[in-house]
Amino acid sequence: AYNRKKGLYEKFSNDQHVRFLENEVYGCDIMPFAAHLAAVNLALQAPLSFTNKVNVVIRDSTELAPGTEVASAQKAIHDSYKTPKLAEFSAPRKPKPKKGVVDLLEQERDLKLPKFDVVIMNPPFTRFQRIPPSFKKKLAECFKSKRYKGIVHGQMGLHGYFLLLADKFLEEDGRIAAVLPLTTLSLEGFYGIIRLLLSEYQIEHVIASSGRSAFSENTSLREILLVARKGTPVPETRTKFTFIHASPEDLTVEKAR
């Protein structure tokens, strides 16, 4: 996201870097170590520009919604290898890393989450059979709004909830870009998601690879890249299906464009 925004400027300055980090680019991960690396990587895009305000959150993102206030996560990295797992919801509770906003310096700071123009994600593909009942119950509570009635049920894989999470955070006319299993578009458990996408979104791109079936590493699932714009489809709406014959690791940004 940072690099694409940067590429839209003919001349990029430190002021724009600071604005990206402090006001425009947000990230969230349940793993403190991953969140910390993301925060450091963003800061190092312009190492001569000082900012301590990097909007990267350590949290189970399914708990979040626009307007949620997230507290500072000082010293969270100390416990970064104690990664929360779905199984912990049905196992005896263990001490957890402190949740909140990653700060590059120890400075108290709270963050109120806004809505966004773009949500980019590679969500977990956990099958519904492997989601602990207590976590399913929590997910049902997080997505109990009238908009998702008839969509949320016990036989939906975890990535379905993340699509609904993206929907929560997207502004009207905003885009979602997601790496998903191909079966998201065909399994009965996702029919509610499909109806939502077909009625409330303009599906712009479905991208598949024939060079290798997956875009992610270490997965045997066939994957697609889905890009959809939030807004009621119009008669002129078209979906582009793109098949990439090179393996994903052989692609450069220029080749992808």
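Structure above, values below:
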{"quantity": "Across Lys11/Lys240; Lys112/Lys240; Lys112/Lys138; Lys53/Lys137; Lys112/Lys137; Lys6/Lys137, pairs whose alpha-carbon gap is larger than 30 Å", "calculated": "Lys11/Lys240; Lys112/Lys240; Lys53/Lys137; Lys6/Lys137"}
{"quantity": "Hydrodynamic radius by Kirkwood, which averages 1/r over all alpha carbon pairs of the range 175-227, in angstrom", "calculated": "11.8"}
{"quantity": "Gaussian network model of the chain, Cα within-10 Å springs - most flexible of Ala246, Ala38, Ala65", "calculated": "Ala246"}
{"quantity": "Evaluated at q = 0.08, 0.09, 0.13 Å⁻¹: base-10 log I(q)/I(0), Debye formula over Cα of the chain", "calculated": "-0.35, -0.44, -0.97"}
{"quantity": "Apportionment of accessible area to carbon and sulfur, the chain, percent (1.4 Å)", "calculated": "54"}
{"quantity": "Relative packing of 179-192, 154-167, which averages over residues the other C-beta atoms within 10 Å, highest first", "calculated": "154-167, 179-192"}
{"quantity": "Alpha carbon centroid spacing (whole Å) that separates the range 1-33 from the range 128-204", "calculated": "27"}
{"quantity": "Solvent-accessible heavy-atom area per residue, rounded to whole Å², over the chain at 1.4 Å", "calculated": "59"}
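The values are calculated or read from the model by the stated rules, or taken from the named source; none is laboratory data. Predicted model, so just to flag it, every value in this text is computed and none were measured. Note that each Cβ is placed from the backbone with ideal geometry, even for glycine, and that neighbours are counted across all protein chains shown. Just the protein is used for accessible areas: all its heavy atoms, side chains included, with ligands, DNA and RNA removed. Shrake-Rupley method; radii C 1.70, N 1.55, O 1.52, S 1.80 Å.
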